[in-house]
Amino acid sequence: MECLEILTKAVNTTVNNGGDDLVQNRLLSYLQDQLPFKIEELKQIRKKVFLLRTQERIFILKGFSTYHRLKLQEAFTSSLMNEGFAKTYIFYEVAKEPPLFFDRTYYGCMEYIPHSEEVFTYFLKSDRLEGLNLLKNYHDTTEKLVSRYQTVVPAYRQADKWRERATLFLNNLPVIRYFVQKEIINELLAWADWSLKGIEEEDWLFQSGRKVILHGDVAHHNFLRAKDQSLYLLDFDLIAIGTPHSDYLQYANRILPFLKWSFDDLGKYPIFKSNLEEKGFLHALAFPTDIFREWNRVIRDRTYLDSVKIRPVLDLTVGQFAERQRFIKALKYAANEKNK
């Protein structure tokens with residue numbers, strides 16, 4: 001659940017808008033029959049996510065493709081709360097005849113968290129630190145839940161996921177070559193190769209030791225600054241069992257553009273300072289996962305000819321290239337020092 005987007009991008013879908021609202025009006029009618037209170041407003045947030053305002057309270061209504069996915073999310077957020085991790089939402093059982101099922105989709109009613117005017121952003125160092133500490137607290141909690149969920153939550157395979165992403169990027173090269181010069185593409189592929197080889201050699205870092213339930217998507221919009229200024233962690237659709245390093249890798253990748261890809265500045269964060277002592281983590285940081293992900297996405301969605309949507313991808317790939325090149329050089333130097 002991307003609550004920041006929920007609060008800032010909601011589009012009113014009241015009864016008489018036309019077009020796709022026919023389906024939404026049918027959903028509204030269905031919900032009015034199933035919920036024990038009058039619905040005053042239904043706002044579409046994104047596909048199959050709605051803000052639902054009733055006479056009693058506000059909910060977030062989120063759709064899931066299967067009943068299993070819905071019940072897993074309900075159980076997991078409940079487990080987080082029971083173990084003392086209160087900085088997230090809970091699900092409510094409000095249907096007269098559960099589960100809510102409409103148009104081949106299962107819906108869950110989730111807690112609405114009033115937001116602060118001060119949004120969470122990776123641009124601010126204080127937010128970056130607070131988000132990292134909240135993620136650590138989340139890991140400390142989910143470590144206690146691994147045995148309970150190991151049969152229903154998949155294991156996370158860092159190298160396998162990145163090989164798949166790299167393969168798709170390679171398949172998309174005929175399009176990417178129209179936008180990015182071959183020297184940059186060749187270097188990106190060299191970074192990926194160095195990274196994957198290093199991860200294979202240091203595979204134990206991601207396969208053994210402490211296991212937690214990874215969040216899997218630590219983008220800024222999955223952190224919500226609540227009205228009381230406390231920070232909440234949202235959206236557990238991509239949870240998997242693995243070592244904390246995988247979430248920290250993704251977090252580092254998200255904040256590094258705001259650090260101008262400074263190896264030294266990344267090491268000033270206590271959690272990253274200890275991780276940077278691990279050779280496998282150094283290799284993993286070199287993988288251009290964000291670049292591969294964004295190119296694969298715009299090509300999949302066929303939006304690469306949209307100048308607005310392709311501009312940030314080009315900035316990520318070309319605009320930040322020199323800074324990132326220096327960062328990779330620092331990573332390789334640190335990794336070589338570990339070999340001495």
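Observations, loosely collected:
- Ranked from largest to smallest solvent-accessible area, with a 1.4 Å probe on the protein heavy atoms, ASP290, ASP217, ASP264, ASP306 come out as ASP264, ASP306, ASP217, ASP290.
- Phi-derived couplings, Karplus 6.51 cos²θ - 1.76 cosθ + 1.60 at θ = phi - 60°, listed residue by residue for the range 175-190: 7, 4, 5, 6, 10, 10, 5, 5, 4, 5, 4, 4, 6, 4, 5, 5 Hz, with x used for Gly and Pro.
- Backbone amide hydrogens, once placed in the peptide plane, bring HIS115 within less than 5 Å of LYS227, excluding anything fewer than 5 places away on its chain.
- Overall form of the range 162-202: oblate. Here a/c, set by the Cα gyration tensor axes a ≥ b ≥ c, is 1.5 or more, and a/b is not larger than b/c.
- The accessible-area ordering, largest first, of the residues THR88, THR167 stands as THR167, THR88, per a 1.4 angstrom probe.
- Considering only LEU42, GLY198, ALA219, and ranking their Cα positions along the charge dipole of the chain that arises from unit charges at the beta-carbon of Lys, Arg, Asp and Glu, the one farthest toward the positive end is GLY198.
- The range 196-340: C-alpha gyration tensor shape, a/c 1.5 cut-off, then a/b vs b/c: oblate
- Calculated [222 nm] ellipticity per residue, helices only, for the chain: -14500 deg cm²/dmol; basis is -39500 (n - 2.57) per DSSP H run with n ≥ 4, divided by all residues, nearest 500.
- The residues of the chain expose on average 49 square angstrom of accessible surface per residue, using a 1.4 Å probe on protein heavy atoms.
- Fully extended contour minus Cα-Cα distance, from ASN336 to LYS309, at 0.36 nm per residue: 5.9 nm
- Packing-based ranking, highest mean first, of 122-131, 219-228 given that Cβ atoms within 10 Å are counted: 219-228, 122-131
- A Gaussian network model of the chain, with springs between Cα atoms under 10 Å, assigns the largest mean-square fluctuation among LEU135, LEU22, LEU231 to LEU22.
- Taking Cα atoms only, the orientation of helix 21-34 departs from the longest principal axis of the chain by about 60 degrees.
- Measuring nothing but how far apart in sequence close Cα pairs (under 8 Å, 6+ apart) lie, relative to its length, the range 200-299 scores a relative contact order of 28 percent.
- A dipole drawn for the chain from +1 and -1 charges on Cβ atoms has a positive end, and of PHE258, MET110, TYR67 the residue lying farthest that way is PHE258.
- Dipole magnitude for the range 234-288: about 200 debye, using +1 per Lys or Arg Cβ and -1 per Asp or Glu Cβ, origin at the Cα centre.
- Dipole in debye (nearest 20) - the chain, about Cα centre, beta carbon charges: Lys, Arg +1; Asp, Glu -1: 500
- The per residue volume of the convex hull around the alpha-carbon atoms of the chain is 152 Å³.
The values are calculated or read from the model by the stated rules, or taken from the named source; none is laboratory data. As the structure is a computational prediction, the values presented were derived from the model and not from experiment. Here Cβ is always computed from backbone atoms with ideal geometry, including for glycine, and neighbour counts include all displayed protein chains. Please note that ligands, DNA and RNA were not included when accessible areas were found on the heavy atoms of the full protein model with its side chains. Shrake-Rupley method; radii C 1.70, N 1.55, O 1.52, S 1.80 Å.
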